[in-house]
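The values are calculated or read from the model by the stated rules, or taken from the named source; none is laboratory data. Here the structure is a predicted model, which means the values were calculated and not measured. Cβ coordinates were reconstructed from backbone atoms using ideal geometry, including for glycine residues, and neighbour counts include every protein chain displayed. Ligands, DNA and RNA are stripped out before the accessible areas are found, and what is left, the full protein with its side chains, is counted by its heavy atoms. Shrake-Rupley method; radii C 1.70, N 1.55, O 1.52, S 1.80 Å.
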Amino acid sequence: MAARSLRRLGALLPAAGKAGTGSLYFRGCPCAFSTAAQQRSTGDECGPEEPSEEPKHPLSDCALEHKAIKLEEQVRDLTERYRRALADSENVRRRTQKFVEDAKLFGIQSFCRDLVEVADILEKTAESAVGHAEERSDPSPALQKIYEGLSLLEAKLQSVFAKHGLQKMNPVGGRYDPYEHEIICHVPAEGMRPGTVALVTQDGYKLHGRTIRHALVGVAVEAHE
């Protein structure tokens with residue numbers, strides 16, 4: 001009886017598995033326990049630990065001060081460059097504006113030089129008509145009308161000249177100016193100061209204050225005995 005009871009007990013006890021597997025099997029039970037599998041599943045659920053970032057060391061006070069000084073120098077340099085560029089652009093704008101204004105004022109300069117020659121011819125023709133009228137004791141009405149017409153035309157031409165900034169010089173009695181006058185002769189200073197303009201053989205003209213044709217003058221000098 002004792003031997004039969006032992007055999008039945010042995011049949012009910014779990015059979016040992018392979019050595020080293022760490023698993024226990026029960027007869028009639030499909031479940032298996034594995035310590036290695038439990039360890040692997042536990043490791044998968046936890047996952048690898050992420051490496052912790054190393055704390056960044058802040059800059060020292062000396063380094064920050066040095067960096068601030070360098071930035072201030074850069075700001076001053078850029079500000080100075082900006083001011084110079086602004087001044088240069090303003091100078092360019094002013095020069096361009098002056099050039100445009102001069103072009104508007106003096107664009108007709110060559111035309112005015114040619115036109116004043118026409119005025120000279122007109123003036124000489126009027127003077128010639130006056131001379132012929134004075135020579136004759138009884139001037140003809142036709143000659144008188146020609147002179148009057150030439151005088152009106154000359155006055156109108158001078159009015160147009162003045163409207164556009166073209167003015168005739170009147171240097172007689174004034175000091176000689178090499179920028180406005182051209183000496184063609186010297187005359188004795190009779191009742192005039194030496195160095196002054198005594199006569200004019202050709203009128204000079206200015207366009208908006210700029211001399212476009214010099215006046216041909218005779219300058220008074222001291223008479224030598």
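Among the residues in segment 217-224, are any in contact with a Pro (Cβ under 7 Å, 6 or more places away or on another chain), in a loop (DSSP other than H, G, I, E, B) and either open to solvent by 70 Å² or more (accessible area, probe 1.4 Å) or of a type in the set (G, A, S) (or both)?
yes
Could you go through segment 161-170 and let me know if any residue there is under 51 Å from the mean Cα position of the chain (by Cα), in a helix (DSSP H, G or I) and either under 21 Å from K124 (Cβ atoms) or hydrophobic (A, V, I, L, M, F, W, C) (or both).
Among the residues of segment 161-170, at least one is under 51 Å from the mean Cα position of the chain (by Cα), in a helix (DSSP H, G or I) and either under 21 Å from K124 (Cβ atoms) or hydrophobic (A, V, I, L, M, F, W, C) (or both), which makes the answer yes.
If only one of V160, V187, V221 is closer than 27 Å to F106 by Cβ and either touching a Lys or Arg at 6+ places or on another chain (Cβ under 6 Å) or among the aliphatic types (A, V, I, L, M) (or both), which one is it?
After applying the criteria, what remains is V160.
Mind listing whichever residues of segment 106-153 are under 30 Å from H208 (Cα atoms), open to solvent by less than 60 Å² (accessible area, probe 1.4 Å) and of a type in the set (S, T, Y)?
Across segment 106-153, the qualifying residue is only S151.
State yes or no: is V116 part of a strand (DSSP E or B) and touching a strand residue (DSSP E or B) at 6+ places or on another chain (Cβ under 7 Å)? First the steps, then the outcome.
Details: part of a strand (DSSP E or B): no; touching a strand residue (DSSP E or B) at 6+ places or on another chain (Cβ under 7 Å): yes.
Considered against the rule, which asks whether it is part of a strand (DSSP E or B) and touching a strand residue (DSSP E or B) at 6+ places or on another chain (Cβ under 7 Å), V116 comes out as no.
I'm checking my understanding of the structure. Among residues of segment 154-207 that are more than 25 Å from C112 (Cβ to Cβ), among the aliphatic types (A, V, I, L, M) and surrounded by fewer than 17 Cβ atoms within 10 Å (Cβ to Cβ), which one is modelled with the highest pLDDT?
If we take residues in segment 154-207 being more than 25 Å from C112 (Cβ to Cβ), among the aliphatic types (A, V, I, L, M) and surrounded by fewer than 17 Cβ atoms within 10 Å (Cβ to Cβ), then V187 is modelled with the highest pLDDT.
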